[in-house]
Structure formats: structure tokens, C-alpha cells
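Take a look at the structure set out below.
The values are calculated or read from the model by the stated rules, or taken from the named source; none is laboratory data. Predicted, not measured: the structure shown is a model, and the values here were computed from it. Counting neighbours? That spans all protein chains shown, and the Cβs are built from the backbone with ideal geometry, glycine included. Surface accessibility is based on the protein's heavy atoms, side chains included, excluding ligands, DNA and RNA. Shrake-Rupley method; radii C 1.70, N 1.55, O 1.52, S 1.80 Å.
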Amino acid sequence: MNIAKNLITAVLMTMVTTVLLGVVYPLVVTGLAQALFHDKANGQLIERDGKVIGSRIIGQGFSSPGYFRSRPSAAGTGYDPLNSGGTNLGPTNKKLIDAVKAAVDAAKKENPSASVPIDLVTSSASGLDPHVSPAAAIFQAPRVARERGVAESDVRRLVDAHVEGRQLGFLGEPVVNVLELNLDLDGRYPMKKK
């Protein structure tokens, strides 16, 4: 008799906790997130003319010389949000050393007088970082200005306007969101037709 009572109690507790923690709790948290943080709860999507063109929190690749480029991505075939991850290569791995050296050499051809910021030649842990350092954005300013036919000082001012400070004033480093910078760049200095 005691075994049957314990079994009934265990089954009922399982059903109650399943409903509470598997249905009610997720619905409450989702509802609160939608009500209090609607933009963040939906991926911080950026729309233009009613069409989603990207996200503030997921990096994407830009290959045209008239655009600022994001950090290199090791996620899948590049910037694949379904296959997030870094290379997992250690700092003494020859493959990583060769890849970074080749990326530095390529960057030096673009801007030979400047030091190459590390975030332009190494991927982030997720491979989806939407930001670069202000130094990485400034490094690219001469190329972008030349391709757009505008003064480099104008492009640098635009970069400065897009620098986001440290979170809460002390966490992390200042960053520049590449997608937002490129969208503003298109709005202010459209690409010249060649």
C-alpha cells in the first residue's frame, strides 16, 4: 500500500513539475521578454524598406572594398549562425600562425604604414562577432574613403560616431558595429557607380 502511494505521489509530482517548468515558466519568461525587451528578444533585427537585412548581434561578411569588413569568421563556411564556433587552434598551431601571417600580409598591402589590429586577422570565439575595435575600423578607413570617393577625415568621423563605449562604463572594450557603420556609410556616402 505504501509503495502505491509513493508511486502516485511521484507520478503527480512529475506531471506538476513538467507543466510548471516545461510550459508555464517558459511562457512567462517569453511573455516578459517580449513585453520588456521586444527588440532584444527577437534577435535585434535591422530592417530597411520592410525587409530584414541583418542583426545587430550577428556578424556578416562584407567583401566589397567600399565597405568596412568584419572580423574573419570560422563559423561553418563563414558567418553561419547555425554553425557557430572558432577554429579551436592553439597559439602555437602552424596552421593558425600561417593563416594570421597571410592575413597580416594582405592587410599590410591595403594600408602599409599602419599596424594591423589583431581583430582583423583572427576570428572570434563564436565566429559571429558583429563588432571590430575602433582601431580595426580606422585601419580600413583609407580604403573605404578611396573606394567611395570621399575624404578620409569624413570616414574617420563616421567611425568615431559609431564607437560604442564599454558596457556599464567598465566592462569590455570600445567597439564598432560593422553592419550599422556600413548602413550609415551607404546613407551618407553612397557607392559611386563605376
Holding the Cα-Cα limit at 30 Å, pick out from Lys51/Lys192; Lys51/Lys101; Lys108/Lys192; Lys95/Lys193; Lys109/Lys192; Lys51/Lys108 the pairs that are longer than that. Lys51/Lys101; Lys95/Lys193; Lys51/Lys108
How many Å³ per residue does the convex hull of the Cα positions in region 69-181 occupy? 127 Å³
Among Ser123, Ser115, Ser70, whose mean-square fluctuation peaks in a Gaussian network model of the chain (Cα, cutoff 10 Å)? Ser115
Expected max-MSF residue from Thr122, Thr17, Thr87 in the GNM of the chain (alpha carbon, under 10 Å) is Thr17
Probe 1.4 Å, all protein chains in place: accessible area of Arg156 in Å², nearest 10? 90 Å²
Ignoring everything but the protein chains, give the 1.4 Å probe accessible area of Phe170 in square angstrom, nearest 10. 140 Å²
Ignoring ligands, DNA and RNA, what accessible area per residue does the chain give at 1.4 Å, in Å²? 64 Å²
For region 20-97 versus region 150-182, the gap between their alpha-carbon centres in whole angstrom: 19 Å
Cβ-placed point charges (K, R +1; D, E -1), dipole of region 155-194 about Cα centre in debye, nearest 20: 380 debye
Could you please state how large a percent of the accessible area of the chain is carbon and sulfur, counting protein chains only and using a 1.4 Å probe? 62 percent
Among Val175, Leu158, Ala145, the residue whose Cα sits farthest towards the positive end of the charge dipole of region 143-182, when +1 is placed on the Cβ of each Lys and Arg and -1 on the Cβ of each Asp and Glu, is Ala145
With the cut-off at 32 Å, report for the chain the share of all Cα pairs above it, as a whole percent. 34 percent
If you stretched the chain out fully between Lys5 and Ile57, how much longer would it get, using 0.36 nm times the residue separation minus the C-alpha to C-alpha distance? 13.5 nm
Per principal axis, largest first, the Cα atoms of region 136-182 extend in Å by 37, 17, 15
